[in-house]
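Trainee: Pasting a structure here, questions to come.
The values are calculated or read from the model by the stated rules, or taken from the named source; none is laboratory data. No experiment lies behind these values; they were computed from the predicted model shown. Cβ sites come from the backbone with ideal geometry, for glycine too, and all protein chains shown count toward neighbours.
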Amino acid sequence: MSTDSKSSAEQDAILRTAIDRSLRHPVMFFFTSGAVWLAVSLILGILAMAKMVAPEFLDGCPLLTQGRVFAAHISTLVYGWGCQAAFGVLIWLVSRLTRQENRASGIILTAGHAWNLVVAVGTLAILLGYGTGVPWMEFPSMVWPGLLAAYGLIAIWTMIQFRVRTPGEVYVSQWFAVGAMIWFPWIVATAFALIFVVGGNPLMSAGVAAWFRSGLIFLFFLPTAAAAAYYLAPKITGRPVHSYSLSLIGFWTLAIVGPWAGMQKLAGAPIPYFLPYLGAAAAVLIGVPTVAIAISTLRTMFGSPEKFASSPALRFSATGVVCMLLLGVSSVFINLPDSTLQLTQFSITTYGMDILAIYGCFSFVMFGAMYFIVPRVTRREWLSKRLINMHFLFSMYGVVTIAVLAVLGGLLHGQGQEDFKFPWDNAVARAYPYLIATLIAWCFVLFSNFFFCVHLLLMWMRLGRRSSHPTLLGHAHLENPHGPEGDIDNAGPGSVIAH
């Protein structure tokens, strides 16, 4: 190695360290508070499933009625865990990709505290009976301006950092990260204004709520997962992203198709006939960007099998991308008009698809990003690869079981609803065994995430082990001398490595 290249590598390592140090407190706050909210959401989800299996369970406590607990379960999963995990990953990715230290970590940390306070108030209001009854927007109307204000403090400074970045190529991971940060306030503000401010026809409010749920999945959570996957795949393997053109096709197709999905849930309702079918067509076309993203990222990951087998970050991310592919393919089949849509429209299939999107696709990639990011911002390594293994295996078992059972049980549930020769109890009886199995699966997921939460809190307290090598799930030869898991930030523009 020449003297100039050695000096450049040292300067690059110093810059990465400075960036990580500037973001340690806000990133770790978002990760740890999100993990705690995830545990809360899983407990609420178990209670909700238990109430569906045995309605008399805890029937003497008005705070824990099934409607309130289920609404709180989804709200904490989306806004307590999902949004905060996304915020932590996005601000770190933007800083690393723009090669700029974060100058507003104190403001972002304050906004994070405000976000948690507002989510806590909203969750308590739901349990006390003040929820709105709007799916995925159960928080009282007064909560949403607070969420938007807190997000504004996070996003504005992050976008300023992107604006003053070092001139150069904008990488695929940046496209998805910036897109997610721009689409999120547009979706939330539009739905809030049309439902709670403007008001009007309740039927159209239901349509807007269905659009909001779909938009949040396809225009925020899915792009965030794609941004992290496009960063981690070449970063860890040391290989360029497979097919840069295919990656851009995935981005632009998602940007065009994503905003139109959602209204298919109102098929048969007294609204303009074309709206549900337009939503169904868009939901079917979601398979195109998910396939494009999956092919380009998985081909990159599998190009280095020895690192894929040993790196927990890569293994979690690959599982999340596979779930993204399953989400796109299943979206094609369950939203076919005049076929499967009438069976899944009002069944438990919708819940299974939500879990596949939020926990299967998004959360697994976020877990992989956390296993990669946390050692860098804390300057410590994970304590136990056994805990990481347990987290991966039990989480994968749980989410696959929940998604598969919800889809299969939902189809049987829908068939029972459409069979008018039998009473409604027949449809409920068809879904009952699947609800019991879903309850058991959630218990496995809670078990795995308890250890993840404890593991993460120990890392925030800097109790992790000191090491210059990453925590690996197996033995692997580390070829890169500049940091764990191929932590190189000086790839040339032509390589299309998300540096």
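Trainee: Tally time: how many residues in the range 131-188 are closer than 30 Å to Ser205 by Cβ and among the polar types (S, T, N, Q)? Explain how you work it out, then say what you get.
Mentor: First, the residues of the range 131-188 that are closer than 30 Å to Ser205 by Cβ: 131-156, 179-188.
In the following step, the residues that additionally are among the polar types (S, T, N, Q) were identified as 132, 141.
Within the range 131-188, residues that are closer than 30 Å to Ser205 by Cβ and among the polar types (S, T, N, Q) number 2.
Trainee: Follow-up. Suppose we filter the range 246-278 for residues that are modelled with pLDDT of 85 or more and small (Gly, Ala, Ser); how many remain? Steps first, answer last, please.
Mentor: Quick first cut of the range 246-278, residues modelled with pLDDT of 85 or more only: 246-261, 278.
Now drop any that are not small (Gly, Ala, Ser), which leaves 247, 250, 255, 258, 261.
Adding up the residues that qualify gives 5.
A quick yes/no check of all residues on (1) of a type in the set (A, V, I, L, M); (2) closer than 18 Å to Val365 by Cβ; (3) surrounded by fewer than 19 Cβ atoms within 10 Å (Cβ to Cβ); (4) touching a strand residue (DSSP E or B) at 6+ places or on another chain (Cβ under 7 Å):
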| position | (1), (2), (3), (4) |
| --- | --- |
| Leu246 | yes, no, yes, no |
| Leu266 | yes, no, no, no |
| Ile271 | yes, no, yes, no |
| Pro276 | no, no, no, no |
| Val288 | yes, no, yes, no |
| Ile293 | yes, yes, no, no |
| Thr297 | no, yes, no, no |
| Glu306 | no, no, yes, no |
| Pro312 | no, yes, no, no |
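Trainee: If you don't mind, there's one more thing I want to ask. Here are some conditions: (1) under 23 Å from Ser41 (Cα atoms); (2) surrounded by fewer than 21 Cβ atoms within 10 Å (Cβ to Cβ); (3) in contact (Cβ under 8 Å) with a residue 40 or more places away in the chain; (4) aromatic (Phe, Trp, Tyr). Phe139 meets all but one. Which one does it not meet?
Mentor: Of everything listed in (1) under 23 Å from Ser41 (Cα atoms); (2) surrounded by fewer than 21 Cβ atoms within 10 Å (Cβ to Cβ); (3) in contact (Cβ under 8 Å) with a residue 40 or more places away in the chain; (4) aromatic (Phe, Trp, Tyr), Phe139 misses just condition (2).
Trainee: Kindly indicate whether Trp157 is under 30 Å from Arg99 (Cβ atoms), free of Cβ contacts under 8 Å to residues at least 40 places away in the same chain and either part of a helix (DSSP H, G or I) or under 23 Å from the mean Cα position of the chain (by Cα) (or both).
Mentor: Values: under 30 Å from Arg99 (Cβ atoms): yes; free of Cβ contacts under 8 Å to residues at least 40 places away in the same chain: no; either part of a helix (DSSP H, G or I) or under 23 Å from the mean Cα position of the chain (by Cα) (or both): yes.
Against the criterion (under 30 Å from Arg99 (Cβ atoms), free of Cβ contacts under 8 Å to residues at least 40 places away in the same chain and either part of a helix (DSSP H, G or I) or under 23 Å from the mean Cα position of the chain (by Cα) (or both)), Trp157 does not qualify.
Trainee: If you don't mind, there's one more thing I want to ask. Taking the criterion of being of a type in the set (A, V, I, L, M, F, W, C), modelled with pLDDT of 80 or more, farther than 18 Å from Ser330 by Cβ and assigned to a helix (DSSP H, G or I), would at least one residue in the range 403-426 satisfy it?
Mentor: So far as the range 403-426 goes, no, none of its residues is of a type in the set (A, V, I, L, M, F, W, C), modelled with pLDDT of 80 or more, farther than 18 Å from Ser330 by Cβ and assigned to a helix (DSSP H, G or I).
Trainee: I'm trying to understand the selection: among the residues of the range 81-135, which are hydrophobic (A, V, I, L, M, F, W, C), in contact with a helix residue (DSSP H, G or I) (Cβ under 6 Å, 6 or more places away or on another chain), farther than 27 Å from Leu232 by Cβ and not in a helix (DSSP H, G or I)?
Mentor: Result: Val134, single match.
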